[in-house]
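Asks: Below you'll find the structure I mean.
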Amino acid sequence: MRILAIETSCDETAIAIVEANPIEQRDERGTSFAVLGNALLSQVEVHRQYGGVYPNLAKREHAKNLVPILEAALEEAELLREDAQAISQETHDAITKLLEREPGLAEQFLEFIKETEPPVIDAIAVTAGPGLEPALWVGINFAKALALAWNKPLIAVNHMEGHILAALAEEAANGPVSTASPDTRLNLVISEVKMPVLALLISGGHTELVVMREWLSYELIGQTRDDAVGEAFDKVARMLGLPYPGGPEISKLAEQARSNLANAANQQGSTLLRPFTLPRPMIHNDSCDFSFAGLKTAVRYLIAGVPELDDATRREIAHEFENAVAEVLWKKTERALEQTGAKTLVIGGGVSANTHIRRVFAENVDTACLQVSLRIPTVALTTDNALMIAMAGYYRALNNDFADPDTLKADGNLRLAA
Ligand code: KG4
Ligand code: ZN
């Protein structure tokens, strides 16, 4: 099954074309995903000057970029063929209406449709939420217009389900390769997933522990009571005078502090004491919930109390902040593992790109000899992308879970589980 997937929930405009094939095994969900095309345009530079993502600006950028990104994805998939297409007045009018809110988009879209042969795909998947509603709407209306123009079914995807499935996928070095794709293409495989799966989802908008006991069915085990962990990274980065998005910046400084510490230890035969201590919020609380607002405030007080916010101080604060976050994330995950008896643990969402968090999880699973298999996505799959939407879309299609174009809506607060 070939899926074209669209992701516009935040500040990445992304379209991927994936061919999914079942793996001939006892494993009924085992699937190989050949990535035919994968185009992504990040708006980070546009939003950086404002220190965060502005929904209406994000929406405008998506509207501007969707047709070029679609062309790029089709081109990469070798599915872009110029050919004049007749289009009925009725379809023309319906598309114009769907896209009328974005200046210029209907014209650009219709021009593209009228001169491009419909590609051989089976369905169109699109992120329906959660995310920034204005941004989600552009993607959804674009998907509806494409579904109409090419007469294809629509699939609504929950962005967080995409993060979970992307985290379950592994790169197949010599795995089953689709007949439709040359050997050089990226192949992702989801296979032999042992249930229950516990997912720690950490992104700019979410921090939650979710268990999947049966395929595509979720139960919420814990969540943040205030800020999401990515939000805390971004806010702390701002306090330290670092650019948006703050996660990677904090990570860079914290890694420098760690390597300085290691060098000092080697030279003097002893480890330097860490000069700062931050709280580990709710670490002793026996729920699986999180809280990051207090940690953020503690950083604010810490900064207010230092004589000078020089580079060395920034590095130390970033270091201690990251340690605090990683410790809390691990403790709560460990508790959730005990509570659920999960056999597979995945980390997904933008923050799972964090080197230290990945290391802490890998080491702890290893040293505790936990009977759990840890899956962490490759860094390119952790932050928002359309491949994850394609994978989730495929499984939804297998369940016959198609969307009605007349009622499909953006839902900024769409939940995976209650
Ligand atoms: O999943 P994502 O790309 O978008 C949302 O759905 O929110 O996550 C974005 C978040 C941002 O807060 C960003 O600062 C954070 O992920 N992030 C990181 C790292 N890379 C991205 N946080 C910590 N360390 C990183 N290396
Ligand atoms: Zn995300």
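Asks: Does any residue of region 34-55 turn out to be among the charged types (D, E, K, R), more than 20 Å from the chain's Cα centre (by Cα) and in the same structural domain as Asn158 (by TED's automatic domain parsing)? I'd like the intermediate steps shown before the answer.
Replies: Filtering region 34-55 down to residues among the charged types (D, E, K, R) leaves 45, 48.
If we keep only those that are more than 20 Å from the chain's Cα centre (by Cα) too, we end up with none.
So far as region 34-55 goes, no, none of its residues is among the charged types (D, E, K, R), more than 20 Å from the chain's Cα centre (by Cα) and in the same structural domain as Asn158 (by TED's automatic domain parsing).
Asks: Determine which single condition Glu111 fails, assuming it passes every other condition in (1) exposed (fewer than 15 other Cβ atoms within 10 Å of the Cβ); (2) in a helix (DSSP H, G or I); (3) at pLDDT 95 or above; (4) under 27 Å from the mean Cα position of the chain (by Cα).
Replies: So the condition that Glu111 fails would be (4).
Asks: Moving on to the next point. Could you run through region 340-376 and say how many residues are over 19 Å from Pro196 (Cα atoms), among the hydroxyl-bearing types (Ser, Thr, Tyr) and either more than 12 Å from ligand 1 (Cβ to nearest atom) or surrounded by fewer than 21 Cβ atoms within 10 Å (Cβ to Cβ) (or both)?
Replies: Number of matching residues: 2.
Asks: Next question, about the same structure. Only one of these is within 28 Å of Met160 (Cβ to Cβ), of a type outside the set (Asp, Glu) and within 16 Å of ligand 2 (Cβ to nearest atom): Pro279, Pro245. Name it. Break it down stepwise before answering.
Replies: On the way: Pro279 fails: within 16 Å of ligand 2 (Cβ to nearest atom).
Answer to the selection: Pro245.
Asks: Which of the numbered conditions does Glu334 fail, given that it passes all the others? Conditions: (1) of a type in the set (Asp, Glu); (2) more than 19 Å from Val236 (Cα to Cα); (3) outside any helix (DSSP H, G or I).
Replies: For Glu334, the failing item is (3).
Asks: Restricting to strands (runs of 3 or more DSSP E) lying wholly in region 1-84: which have 1 or more residues that are over 24 Å from Asn151 (Cα atoms) and more than 16 Å from ligand 1 (Cβ to nearest atom)? Don't jump to the end; show me each part of the working.
Replies: Details: elements: 2-7, 12-22, 31-42.
In region 1-84, the matching strands (runs of 3 or more DSSP E) lie at 12-22, 31-42.
Asks: May I pose another question? In region 196-244, which residues are assigned to a loop (DSSP other than H, G, I, E, B) and near ligand 1 (Cβ under 10 Å from one of its atoms)?
Replies: Result: Ser203, Gly204, Gly205, His206, Ala228, Tyr244.
Asks: Which residue out of Ile155, Ile121, Ile87 is of a type in the set (Val, Ile, Thr), touching a strand residue (DSSP E or B) at 6+ places or on another chain (Cβ under 8 Å) and surrounded by fewer than 23 Cβ atoms within 10 Å (Cβ to Cβ)? So that I can check it myself, show each step before the final result.
Replies: Working: Ile155 fails: surrounded by fewer than 23 Cβ atoms within 10 Å (Cβ to Cβ); Ile87 fails: touching a strand residue (DSSP E or B) at 6+ places or on another chain (Cβ under 8 Å).
Answer to the selection: Ile121.
Asks: Here is a further query. Applying the selection to region 117-155, what residues are aromatic (Phe, Trp, Tyr) and touching a Leu at 6+ places or on another chain (Cβ under 7 Å)?
Replies: Initially, region 117-155 is screened for residues aromatic (Phe, Trp, Tyr), giving 137, 142, 150.
Selection gives Phe142 alone.
The values are calculated or read from the model by the stated rules, or taken from the named source; none is laboratory data. On a predicted model such as this, the values are computed, not experimentally measured, just so you know. No Cβ is skipped: glycine too gets one built from the backbone with ideal geometry, and neighbour counts run over all protein chains shown.
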